[in-house]
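Trainee: The structure that follows is given in the form of structure tokens.
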Amino acid sequence: MKKIMQSLISLLIIAVIASCSGNPFMTNIFGGIDNYSLPDSFDNVDDILDEAGDDGFLDALADNPELADDVIDILEASLPEDAADADSDDQEAALLLADVHLATTEADETINNVNDLLTGFIAGDEGEDSPDMDDPASIIPDLFVLDETLTPAEQQTAVEEQLAAFLAAADALEFYGDTIVAGQDPSSEVNPGETAATAMISGMTAFIIQNMDTSSIDPDIVAANPGATDDELAIAALADVIVNGSDMPDIGDPTYENGDPLPDDATTEEYINVILGDGLAEVVGQGFDLSSFENM
């Protein structure tokens, strides 16, 4: 677990240093503009993509949960089962789908908080919020800003919603990456660095959730979530770590597709490719040169 987290956090930090122009972490990835009004409803994906061109779209959608759910359903239904069959509109739909999941749960604020933590770390800020690379798992709770006006139970719910959003965003961005792997040109509508940063954070979160050893989860959490899937239990357990400072459950080591474990001398690039999978690794590779981290 320690080497997994060190590899991912180190990749994020080095990406900040390496990206001298258009650095996705140097300004908030997600910003809002006022004075925008959403339509009352959407009938199809084309209308959504047209409306999403307005800078106020995501902020307005975040204030309308019912319409946001409708938008998510329409975007998901529009994507072909096989990424090889996707066209540029499908790519835009997948990218927007990820953004909607993040912006409507305030997971975008977590991404911006990653920005603040890492830029402060690079600047030499050794304050109490500075990442501890000797205990990288302890960084995870620091990535989330908890609303102190909420009760602990409400904070737990809010964090669970963000974690589920990261998991869904990882799926959407994986689809987008798979379209590139299948031969489609990358979308011209995105900043590759910003999308890569989002893919890294979403993919890291998804890996932790999907590889958590559910047998190591606190029995009280299991009892409080009857009938939950493994992913739902992992989300509840990870939220408990973030909100209440509980111990992190065990996380399985990354393995190759044939089940073989990565060797101890595996490079950061190998770790990232295995942890993220082909689609997300492709998205990250569009923004950062993973081979440059080989000797990290």
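The values are calculated or read from the model by the stated rules, or taken from the named source; none is laboratory data. Owing to the predicted nature of the structure, the values given are computational and were not obtained by experimental measurement. Please note: Cβ atoms are built from the backbone with ideal geometry, for glycine as well, and neighbour counts cover all protein chains shown. The protein model used for the area step is the full one, side chains on, heavy atoms only, and it has no ligands, DNA or RNA in it. Shrake-Rupley method; radii C 1.70, N 1.55, O 1.52, S 1.80 Å.
Trainee: Can you name the number of the only condition in (1) open to solvent by 50 Å² or more (accessible area, probe 1.4 Å); (2) in a helix (DSSP H, G or I) that Ala172 fails?
Mentor: (1)
Trainee: Just a yes or no: is a residue in region 49-71 in contact with a Pro (Cβ under 9 Å, 6 or more places away or on another chain), of a type in the set (Gly, Ala, Ser) and open to solvent by 10 Å² or more (accessible area, probe 1.4 Å)?
Mentor: Of all residues in region 49-71, those in contact with a Pro (Cβ under 9 Å, 6 or more places away or on another chain) come to 51, 67.
Applying the additional criterion that residues be of a type in the set (Gly, Ala, Ser) yields none.
No: zero hits.
Trainee: Determine which member of the set Val243, Val284 is within 19 Å of the chain's Cα centre (by Cα) and either surrounded by fewer than 17 Cβ atoms within 10 Å (Cβ to Cβ) or at pLDDT below 90 (or both). Walk me through how you get there before you give the answer.
Mentor: Details: Val243 fails: either surrounded by fewer than 17 Cβ atoms within 10 Å (Cβ to Cβ) or at pLDDT below 90 (or both).
Criteria check complete, one pass: Val284.
Trainee: Another question about this same structure. Evaluate region 247-259: report whether one residue or more is part of a helix (DSSP H, G or I) and of a type in the set (A, V, I, L, M, F, W, C).
Mentor: Looking only at region 247-259, we keep the residues that are part of a helix (DSSP H, G or I), and these are none.
No, that holds for no residue.
Trainee: Another question about this same structure. Within region 246-282, how many residues turn out to be under 30 Å from Glu194 (Cβ atoms), free of Cβ contacts under 8 Å to residues at least 24 places away in the same chain and small (Gly, Ala, Ser)?
Mentor: 1
Trainee: Follow-up. Determine which member of the set Ser78, Ser37 is modelled with pLDDT of 90 or more and more than 18 Å from the chain's Cα centre (by Cα).
Mentor: On the way: Ser37 fails: modelled with pLDDT of 90 or more.
The conditions single out Ser78.
Trainee: Please enumerate the residues belonging to region 181-204 that are open to solvent by less than 40 Å² (accessible area, probe 1.4 Å), over 15 Å from Asn273 (Cα atoms) and part of a helix (DSSP H, G or I).
Mentor: Gly193, Thr195, Thr198 - these are the residues of region 181-204 that are open to solvent by less than 40 Å² (accessible area, probe 1.4 Å), over 15 Å from Asn273 (Cα atoms) and part of a helix (DSSP H, G or I).
Trainee: Go through region 209-227 and report how many residues are of a type outside the set (Gly, Ala, Ser) and either in a loop (DSSP other than H, G, I, E, B) or at pLDDT below 90 (or both).
Mentor: Of region 209-227, the ones of a type outside the set (Gly, Ala, Ser) are 209-214, 217-222, 225-226.
Among the residues that remain, those that are also either in a loop (DSSP other than H, G, I, E, B) or at pLDDT below 90 (or both) are: 211, 213, 217-218, 225-226.
Final tally of qualifying residues: 6.
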